[in-house]
Amino acid sequence: MDRTQLMTSISADWESFSKLEIAEKLPYFTRNEKIYDCLFAQQLDRGRLEHLFRTADALRKMTKTREGMNIANSLLSHKRAMLYFVQPSTRTFLSFLNACHILGIKTSEIRDTTTSSEVKGETPEDAVRTFSSYVDMIIMRHPAPGFVEKTAWLMNRTDRPVPIINGGSGKDQHPTQALLDAYTLYKSFDGEIDGKTIAMVGDLKRGRTVRSLSYLMKNYKGVKLAFVSPKQFRMENDILEFLRRHNIPFIETEDFGSVMGEADAIYMTRIQDEHDKAGESKAVDYSPFYFKKEHLGAIKKDCVILHPLPRRFEIDPAVDEDRRAIYWRQERNGMWVRAALMAHIFGVDSAIAHE
Amino acid sequence: MDRTQLMTSISADWESFSKLEIAEKLPYFTRNEKIYDCLFAQQLDRGRLEHLFRTADALRKMTKTREGMNIANSLLSHKRAMLYFVQPSTRTFLSFLNACHILGIKTSEIRDTTTSSEVKGETPEDAVRTFSSYVDMIIMRHPAPGFVEKTAWLMNRTDRPVPIINGGSGKDQHPTQALLDAYTLYKSFDGEIDGKTIAMVGDLKRGRTVRSLSYLMKNYKGVKLAFVSPKQFRMENDILEFLRRHNIPFIETEDFGSVMGEADAIYMTRIQDEHDKAGESKAVDYSPFYFKKEHLGAIKKDCVILHPLPRRFEIDPAVDEDRRAIYWRQERNGMWVRAALMAHIFGVDSAIAHE
Amino acid sequence: MDRTQLMTSISADWESFSKLEIAEKLPYFTRNEKIYDCLFAQQLDRGRLEHLFRTADALRKMTKTREGMNIANSLLSHKRAMLYFVQPSTRTFLSFLNACHILGIKTSEIRDTTTSSEVKGETPEDAVRTFSSYVDMIIMRHPAPGFVEKTAWLMNRTDRPVPIINGGSGKDQHPTQALLDAYTLYKSFDGEIDGKTIAMVGDLKRGRTVRSLSYLMKNYKGVKLAFVSPKQFRMENDILEFLRRHNIPFIETEDFGSVMGEADAIYMTRIQDEHDKAGESKAVDYSPFYFKKEHLGAIKKDCVILHPLPRRFEIDPAVDEDRRAIYWRQERNGMWVRAALMAHIFGVDSAIAHE
């Protein structure tokens, strides 16, 4: 079925559409073989990932000079974006905002629905459609699972759709986080993710980032995964099944020390106690899943340490000064690869010269 | 009396000035025969309206190309505006903000007086004067009737006045809403508002938009108005008197169906229950004043349906897909005609080529 | 000790570093003999002050034409700044924001830590480092004394430092307020602060601005100070000692009238009752420290009246219309001299032609 058929058939009814498999939905959010709405990590196949990574690299190189920055600033200076972030998230918000600024996109913000006319009894769908009428793109973070997708679906049915980028939707999807994590691996390994061993450590059950990153690994060859977590917070079965289906080898362990020496990358995560139902995090000794200063001697000399941030105690601040601790660079990578994504959506990626 | 005389006489005393008729005040807010402070719908006579409409049209045409958008972006890139919105209003705020961005105006925001130094015991007048010292224009929305006007009056007495645009002042004035509504009619009727029949439906008593729009109709010839409302929320007498005085024919009815087939435009409004004094809205059956999907068959084939938004139940969302439902376009019209107004105030409207 | 030595020795330990004398710390926040981090009024010696004043003057002159404003707007259009203001301060915030806009700097804001990921258990230091990763400069206002300095110290130890400007740090330092006050005197006296008599009036004990301004007076020759305050709120001894050490003559009095006729500048201040511990402000009759309309006849014909704003009752609004009341101009001076400071930090001050 091509896009037009999709739009005229399934798309007429959200209930039916929402129940489709993600793969079936993708054509609806794609135009001219480019991402139009960026909603799911599943939209990021290897070709697209590498294209976005090379675009991000080229953009960074280009902007090292003031002249290049001025060119970047003009690429999308004729566009306006809305950052609709009704779920608290300073770092993702700022990352997207500054990515917009790099490309010259002008920005408006909604960060709190209580000042919004939603208080006058308007539906969220009407509010979003109104806001969309002023801008050329919406970057959206919303606590309700599926809300961002529904917005994109709705917008595509109007006579003036604008691209929607998912900046985090409930617990289900946060595709640009996956994108930045993969980009960080790509840069750390000089473009060669194939064949690497990646340890993911901590609360794997409730961490959205490790789930998405595991998923993205199907794009690479010979990657091995090590899941290190307390038994209460093991990686969920749906991901393990997915890995088996794609022949991606993995191990599960509670013994961090046993995998430290093997890993090319260690992806640390925070305990997600905001998702506790009845204080279950308190019953867990999380300290075996901390990365301490003394561990620096136990890991490979080129092993990189990632963290989606914010952190609490799971990485000792003394580790920050080691050159293998790259979590702040990871933050910056997010800004650049988000800028690359926006350049792609608006078709100005070709104006960013690749090497 | 010319402006200078006005300034040196009446203007020295706010109490006296505020009691003048609006027509008497207008010279004080006008410079070089252009609007300087935009405070009242009464400033919008037919000549000005049409000039602003043509400017808005030209600006939209110009910005359809990237080159044209870049020119628009540079028109007022040397100016800075303050959006002082201490009354919640996301849509009007965003409309003005993006209008600024189209013209390249740099923006600052005040959206909450509690973070302001007003908490340190400063008067609102001092606060506004301080804020004005950083910028070239203030767009102001304020809950207190007359506050925006008083600000403009005060600023004009200083040695560094800046233009003030009223973005909604208490229940009395919201001139740019009237401007956008009239612009929407203008565009819908290919520039010919004369002779049209316009139905206004809903809570006419407390809706600011229908009051202002009725007022503006004096600028056109042969317009007929139909006021459709529950008897509790009929249009107020001051407007009816105004219409009689200007020989604008109108009817009042509770029977929506009786006027549907005649109207060239139907302006729907929400029940304004936030203005209830004692829950009076609950006593009213508002459903006869809903526009339902089945009504689409009863209206003229070129009849347009407007709504100032936000809506609740008074227009069935199924109506949205009909090409005669133009309320989202109405929103966009607001952004463009506000940009035209700012271009006019700063005298760059001449740089926007009219056809 | 040069900067590199400082960084490798003392800088490794915040506890030791924080206890140094300010003079000893300065090299750490200086690069290429320019201010890198602007943290202390002590960084503003006479040479720097006059350079910044001349830069501010040149920038204002340059931006009087639209062409000049466009040049100014492009000076730092390749830079992004973060305004991290977690202590309420609308006027300082707006002053910096618009200073950024004048130079074309793109801005992000943090104004409320409750929407920040700090709620997820992150340390403030981590939060700031994350935010710094998106931008080229941080302008910071924070309620905790020393926090801004610690941030600058931390950033300088990373491989990607960005300049930090102190926008007010607890009760201790607010260097750009001192800068703008001195700039206002400079402009009022046609560049000649030497030899002038300056009265400071009001709550001198708890007013940060009068303390910093007194300090800066060591840069000028033959200045005389008159401190006029209720006996409960006299200038603190540390400042009086400082003045004695630098042979700056001063008097202290409760009799405002006795100094009015002598002063070349009168710096009025508000009672700082937000710093009350037990309602002590209520026990003070502050009215002898008001500047009233009738005082206009008692002061020199060229005496200027300053106030850091916001004011309450200490200056009668009727005084505002006198040309010697320059507190609104003082506000504007703040914006311009802050822009000059940023131009200096980024080394584009040379592109702003001095007369």
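The values are calculated or read from the model by the stated rules, or taken from the named source; none is laboratory data. Note that this is a predicted model, so its numbers are computed, not measured. A quick note on method: Cβ atoms are made from the backbone with ideal geometry, for glycine too, and the neighbour counts reach across all protein chains shown.
The lone criterion from (1) more than 17 Å from A:ILE305 (Cα to Cα); (2) modelled with pLDDT of 95 or more; (3) of a type outside the set (Ser, Thr, Tyr) left unmet by A:ALA182 is number (1).
Condition check ((1) within 11 Å of another protein chain (Cβ to nearest Cβ); (2) in a strand (DSSP E or B); (3) crowded, with 16+ Cβ neighbours inside 10 Å) across all residues:
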position: C:TYR267; (1), (2), (3): no, yes, yes
position: C:LYS277; (1), (2), (3): no, no, no
position: C:GLY334; (1), (2), (3): yes, no, yes
position: C:SER350; (1), (2), (3): no, no, no
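Remark: B:GLU252 matches the filter, which requires a residue to be surrounded by fewer than 21 Cβ atoms within 10 Å (Cβ to Cβ), modelled with pLDDT of 95 or more, in contact with a Ser or Thr (Cβ under 9 Å, 6 or more places away or on another chain) and in a strand (DSSP E or B). For beta carbons closer than 7 Å, sequence separation of 6+ or different chains, a first residue in the range A:135-152 that is polar (S, T, N, Q) and a second that is crowded, with 23+ Cβ neighbours inside 10 Å, the qualifying pairs are A:THR151/A:VAL128; A:THR151/A:MET140; A:THR151/A:ILE164. Could you tell me which residue of the range B:84-109 is surrounded by the fewest Cβ atoms within 10 Å (Cβ to Cβ), considering only residues that are within 7 Å of another protein chain (Cβ to nearest Cβ), within 13 Å of B:VAL337 (Cα to Cα) and of a type in the set (S, T, N, Q)? So the residue we want is B:ASN98.
A quick yes/no check of all residues on (1) outside the structural domain of C:SER18 (by TED's automatic domain parsing); (2) buried (at least 20 other Cβ atoms within 10 Å of the Cβ):
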position: C:ASP126; (1), (2): no, yes
position: C:GLU149; (1), (2): no, yes
position: C:THR158; (1), (2): no, no
position: C:GLY167; (1), (2): no, yes
position: C:LEU185; (1), (2): yes, yes
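The set of residues in the range C:253-267 being of a type outside the set (Val, Ile, Thr) and within 24 Å of the chain's Cα centre (by Cα) consists of C:ALA263, C:ASP264, C:ALA265, C:TYR267.
Go through (1) surrounded by fewer than 17 Cβ atoms within 10 Å (Cβ to Cβ); (2) without any contact (Cβ under 8 Å) to a residue 60 or more places away in the chain; (3) out of contact with any strand residue (DSSP E or B) (no Cβ under 9 Å at 6 or more places or on another chain) and name the single condition C:ASP273 misses. Unmet condition: (1). No other residue among C:ASP136, C:ASP172 is of a type outside the set (S, T, N, Q) and within 14 Å of another protein chain (Cβ to nearest Cβ) apart from C:ASP136. The residue of the range A:262-303 that is farthest from A:PHE189 (Cα to Cα), among those that are of a type in the set (Val, Ile, Thr) and at pLDDT 95 or above, is A:THR269.
Just to be sure before I move on: is B:LEU204 under 14 Å from the mean Cα position of the chain (by Cα), touching a residue at least 24 places away in the same chain (Cβ under 8 Å) and in the same structural domain as B:GLN272 (by TED's automatic domain parsing) in the structure I sent? So B:LEU204 does not fit the description; no.
Is it the case that some residue within the range C:161-170 is touching a Pro at 6+ places or on another chain (Cβ under 9 Å), more than 28 Å from A:TYR327 (Cα to Cα) and part of a loop (DSSP other than H, G, I, E, B)? For the range C:161-170, residues touching a Pro at 6+ places or on another chain (Cβ under 9 Å), more than 28 Å from A:TYR327 (Cα to Cα) and part of a loop (DSSP other than H, G, I, E, B): present. Of all residues in the range A:60-77, those being under 19 Å from B:THR63 (Cα atoms), in a helix (DSSP H, G or I) and among the aliphatic types (A, V, I, L, M) number 1. Picking from A:ARG48, A:ARG91, A:ARG31, A:ARG80, which residue would you name as being touching a Ser or Thr at 6+ places or on another chain (Cβ under 6 Å), touching a residue at least 12 places away in the same chain (Cβ under 8 Å) and of a type in the set (D, E, K, R)? None of the other options fit; the residue is A:ARG91. Is there a residue being more than 14 Å from chain C (Cβ to nearest Cβ) and either touching a strand residue (DSSP E or B) at 6+ places or on another chain (Cβ under 7 Å) or of a type in the set (Val, Ile, Thr) (or both) anywhere in the range B:67-79? Scanning the range B:67-79, I find no residue that is more than 14 Å from chain C (Cβ to nearest Cβ) and either touching a strand residue (DSSP E or B) at 6+ places or on another chain (Cβ under 7 Å) or of a type in the set (Val, Ile, Thr) (or both), so the answer is no. Inside the range A:299-332, residues that are within 12 Å of chain C (Cβ to nearest Cβ), surrounded by fewer than 16 Cβ atoms within 10 Å (Cβ to Cβ), of a type in the set (Lys, Arg) and over 27 Å from A:ASP285 (Cβ atoms) make up a count of 1.
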